[in-house]
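The values are calculated or read from the model by the stated rules, or taken from the named source; none is laboratory data. Computed from a prediction, not measured in an experiment: that's the story for all the values here. Cβ sites come from the backbone with ideal geometry, for glycine too, and all protein chains shown count toward neighbours. With ligands, DNA and RNA removed, areas are computed over all heavy atoms of the protein, side chains included. Shrake-Rupley method; radii C 1.70, N 1.55, O 1.52, S 1.80 Å.
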Amino acid sequence: MKIDSRFQTRPNTTICLTIDGEPVMAKSGDTVAAALLAHSGNASRLTGKGSPRTAFCMMGVCFDCLVEVDGHPNVQGCMTQVRERMAIRKPKGFRTLSGDTEDA
Amino acid sequence: MPDVDIIIIGAGPAGMAAAATAANEGAKVLLLDEQPQAGGQIYRNVENNVGNSVDANAVDYLGKDYTAGNSLVQALEHSNITVKFGATVWRLDEGPRVVWSQNGISQVSLAKHVLLATGAQERPVPFPGWTLPGVMSAGASQILMKTSSLLPRDAVLAGSGPLLYLIAAQMIKAGAPPKALVETQTLKMLLGASRYFPRALLAAPTLFKGLSLLGKIKAAGVKRYTSASSFRAIAEDDGSITFSFDSKGRRNSLSTPLLLTHQGVVPSTHMSRASGISHEWNELQGAFQPITNEWGQTELQGFHVAGDGAGIGGAETAKAAGRLAAFDILYQLSHLSQNSRDQKSKIDRKAFNRALSIRPLLDALYAPLPEFLSPPDETIVCRCEEVTAAEVRQSLNLGAHGPRQVKTDIRAGMGPCQGRMCDLTVRGILVASGAKPSPARARSPIKPIKLGELANLKIPEDSL
């Protein structure tokens, strides 16, 4: 993947969070889904069949933005505001009831 | 005992206008919305953007029609209005009784009356490749502009509808012009829509706004393709999208980091369907809508619906509809006499009819293409459960004749979005095969909640 982001780079990113352990800067007022899209053009999750997905509707309808947030699985990224030191993990595979999707 | 007079669900133009109207007449209102601020999708984050000096140019490129929504948000500062944000309603019962979740805790609220103002969602635009990273709905990119100052890089806008032009003009103003505008409407659709033109003249200012948007797109030199069809997107090794389509007898191919599609909006009806309100098919708008009278009253005692959730009319229509519904509810709760309801609502009735007069023209001119209603076999129809159009067709061949059988057979609509992204496509495939399907069933909880949250729910005894 060579596309860093499908969006223009923004000034004033002041919130520090992690995505799969990697430190990433986001903007105050961002949703988790917006922060993921701003950071990378890559998938934010893999489906049960292993297909890459990113947020699609940004308004809580499509559930394609599901990620793990601070250990809680299946969180709607577009409905969740970023916080300082938030730990986001990208789900890989079928939805599970517990967090830590690497074991899924 | 009811907690309040009226619970309004949704703080978009209809819900906000209704809340202020009811509060000004002395009714106690509880306004619930899933988002962190009032505004709905159209005025999303408007209060923050208007008051923001860091990204001051956002209000500039989003435009005056957007910032005008701030007055509705400010009107919610009223001692009779309690607003709860991050509040997801997941069940409605007769009573009326509203069950909603906030911060992982669910609770029951009782009211004398409920107004559903749940708005619209974008119509799903399924085609081969629409699930790839780098393909989003155009409305999603506009939300990113409103909430995160996130501007698309060399995007291609594809589809049709007034929102597509508005977003293109906003992108141009923001210094992020689209690489191309690929439009699906045809000359045949234009001719078919022309009979609605005289009525649309009643909304002349809206027509002129549309023409001025087209002028801005033309002046910016954005490449335009029309009569486009046979959409297909594939992902290249570098993550970019190759978008191909037919236009005027030629196959075209565009490379872009971001493909943004749009085919209009449809009412969000999960809540109204799950509460047992009857729905009807609106042929011109190609969507189901709750059956209401001229005030938004449904057949279910104590439930009104207003705004795009009752049928697509746009923000101006929604504001008027919200006020009309509020006046009627106030009359039913004996806050107003029938005569004063009729007197006070005269202006809004006029505004409602005027704003709505342009819709038939827009609905006919920017109708979705058949290929998005019943897409090619390899297209994923149900994004959650990864079910293709071929599998839906196979299910029909095996005897399924309605959305419930298709769902039971191949899980289309059984994922976390609960059919919001595939109901209309499953229906389109059924219709193309000759069936006349009823609306898909929606059941509580209409948004996923955790079992622990359900177990901890306390139901007030007098509401049982």
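Out of segment B:247-265, which residues are part of a loop (DSSP other than H, G, I, E, B) and at pLDDT 95 or above?
B:Pro257, B:Leu258, B:Gly264
Taking only segment A:7-43 into account, find how many residues are open to solvent by 10 Å² or more (accessible area, probe 1.4 Å) and either under 27 Å from B:Val387 (Cβ atoms) or aliphatic (A, V, I, L, M) (or both). Show your work before the answer.
The first filter runs over segment A:7-43 and keeps only residues open to solvent by 10 Å² or more (accessible area, probe 1.4 Å), leaving A:8-16, A:18, A:20-23, A:25, A:27-29, A:36-40, A:42-43.
Among the residues that remain, those that are also either under 27 Å from B:Val387 (Cβ atoms) or aliphatic (A, V, I, L, M) (or both) are: A:15, A:25, A:36-38, A:42-43.
Looking only at that region, the number is 7.
Residue count for segment B:145-163 satisfying the condition of being out of contact with any Pro (no Cβ under 8 Å at 6 or more places or on another chain) and within 15 Å of B:Ala176 (Cα to Cα): 6.
Only residues that are β-branched (Val, Ile, Thr) and open to solvent by less than 60 Å² (accessible area, probe 1.4 Å) were counted across segment B:20-67, and they come to 5. Exactly one residue among B:Ala19, B:Ala11, B:Ala56 is at pLDDT 95 or above and within 14 Å of chain A (Cβ to nearest Cβ), and that residue is B:Ala11. If you go through segment B:75-116 and keep only what is without any contact (Cβ under 8 Å) to a residue 40 or more places away in the chain, open to solvent by 50 Å² or more (accessible area, probe 1.4 Å) and farther than 25 Å from B:Ala320 by Cα, you end up with just B:Asn103. Evaluating B:Leu424 against the criteria (1) in contact with a Ser or Thr (Cβ under 9 Å, 6 or more places away or on another chain); (2) in a helix (DSSP H, G or I) leaves one unmet condition, (1). Residue under question is B:Ser244, and the condition is that it be among the small types (Gly, Ala, Ser), part of a strand (DSSP E or B), away from every other protein chain (no Cβ under 14 Å) and farther than 17 Å from B:Leu365 by Cβ; does it hold? For B:Ser244, the condition - among the small types (Gly, Ala, Ser), part of a strand (DSSP E or B), away from every other protein chain (no Cβ under 14 Å) and farther than 17 Å from B:Leu365 by Cβ - is met.
Scoring B:Pro416 on the criteria (1) in contact with a Phe, Trp or Tyr (Cβ under 8 Å, 6 or more places away or on another chain); (2) open to solvent by 50 Å² or more (accessible area, probe 1.4 Å) leaves a single failure, condition (2). Can you tell me which residues in segment B:26-38 are part of a loop (DSSP other than H, G, I, E, B) and away from chain A (no Cβ under 14 Å)? Those that are part of a loop (DSSP other than H, G, I, E, B) and away from chain A (no Cβ under 14 Å): B:Gly26, B:Ala27, B:Lys28, B:Ala38. Can you pull out every residue in segment B:370-399 that is part of a loop (DSSP other than H, G, I, E, B) and within 22 Å of the chain's Cα centre (by Cα)? Residues satisfying the conditions are B:Ser374, B:Pro375, B:Arg383, B:Cys384. Taken residue by residue, segment B:258-270 has no member that is away from chain A (no Cβ under 14 Å) and open to solvent by less than 10 Å² (accessible area, probe 1.4 Å). Of the residues screened, B:Trp281 is not one that is touching a helix residue (DSSP H, G or I) at 6+ places or on another chain (Cβ under 6 Å), in the same structural domain as B:Pro96 (by TED's automatic domain parsing) and among the aromatic types (Phe, Trp, Tyr).
One residue stands out in segment B:425-447 among those that are among the β-branched types (Val, Ile, Thr) and open to solvent by less than 60 Å² (accessible area, probe 1.4 Å): the one that is farthest from the chain's Cα centre (by Cα), namely B:Ile429.
Screening segment A:1-52 for residues that are more than 15 Å from the chain's Cα centre (by Cα) and farther than 25 Å from B:Gly175 by Cα and picking the one that is farthest from the other protein chains (Cβ to nearest Cβ) gives A:Gly50.
Every condition in (1) touching a residue at least 40 places away in the same chain (Cβ under 8 Å); (2) touching a Lys or Arg at 6+ places or on another chain (Cβ under 7 Å); (3) not in a helix (DSSP H, G or I) holds for B:Leu202 except the one numbered (3).
The residues of segment B:214-241 that are more than 14 Å from every other protein chain (Cβ to nearest Cβ), in contact (Cβ under 8 Å) with a residue 60 or more places away in the chain and not hydroxyl-bearing (Ser, Thr, Tyr), listed by number, are B:Ala228, B:Phe231, B:Arg232. Checked against (1) within 12 Å of B:Phe127 (Cα to Cα); (2) open to solvent by 40 Å² or more (accessible area, probe 1.4 Å), B:Ala389 passes all but condition (2). Against the list (1) open to solvent by 30 Å² or more (accessible area, probe 1.4 Å); (2) more than 14 Å from chain A (Cβ to nearest Cβ), the condition B:Arg411 fails is (2). Which residues, taken from segment B:39-74, are within 18 Å of A:Ser28 (Cβ to Cβ) and part of a helix (DSSP H, G or I)? Once the filter is applied, which keeps residues that are within 18 Å of A:Ser28 (Cβ to Cβ) and part of a helix (DSSP H, G or I), segment B:39-74 yields B:Val46, B:Glu47, B:Asn48, B:Asn49, B:Val50, B:Asn57, B:Ala58, B:Val59.
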